[in-house]
Structures are given as structure tokens and as C-alpha cells.
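The block underneath contains the structure these notes are about, expressed in C-alpha cells.
Rule-based calculations on the coordinates, nothing more; no lab input. What you see is a predicted model; the values in this text were computed from it and never measured. Backbone-built Cβ (ideal geometry, glycine too); neighbour counts: all protein chains shown.
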Amino acid sequence: MRKTILAVLMLILLINTAIAYEPPIYIAKECKYYFSGDDKHFNPRPENFTINIGYTTDFENLDQACNIFKCIESEGDWNIKENNCTCKDKKIWNNERGCIKKPNFLTGFIVFIKNVLKVSN
């Protein structure tokens, strides 16, 4: 009986240690690399951490991981062969936000005027 209890306690300890030190991943908060650490160093997760993009081994680099995440979150289709996003519903690709509605002339003109007024003030 004691051996069984000891074995269960050791298993729980091993699982808790494995959870604390997960493999390196990419996370959605500001789209960055995250590594929890090793036996000597512990790196806590950023505040307001919400979404795992995936393990570092799943992607070529951080840029690819972030672009795939932005594409899928903005309802685009990621093309694996061409390594780019195809946006739906007349949307266009934006490097910062993913697929966005194509601005019309009036919207673009208003933004331009606001920027000119900011610079002149």
C-alpha cells in the first residue's frame, strides 16, 4: 500500500514539473516567442496571456507563426505552398492586423487630412 501511495505521489510531482517547464512556444500577446525556462531558470508567462499560437517547431520562424495567426483570426485562408494569406470578401492583407476591409477613397482621404492636420499642429 505504501509503495502505491509513493508511486502516485511521485507521478503527481513529475506531472507538475513537466507542466511548469513546457517546450518553447509562440504566443499571441504581441506575437512573441515564449520559453518557460529550465531547471535553473523560470520565465513566467506575460500578463493577460491568452492564446498559444503553437510550438516553435511547427513554424519556420516567428514571422510565419504570427502571419498565420493573424490570417486565420481575421478570417483569411493560409496558403501553405505560397506561404501567404488569401483574404476573403474583398479584404486586403495588412501586415499589422491581417485581413482588413479595403479602404474606399473617402475614408483614405479623411485619414490623410487628419494626418496632415496633426503634423501641422
Problem set entry | Long-range amide H partners of I53 with built H, under 5 Å | Y26, I27, A28
Problem set entry | Distant-in-sequence amide H partners of N94 (H built 1.01 Å from N, under 5 Å) | C99, I100
Exercise. Modelled label-to-label distance, I113 and E73, 7 Å Cα→beta-carbon offset: nm?
Worked result: 3.3 nm
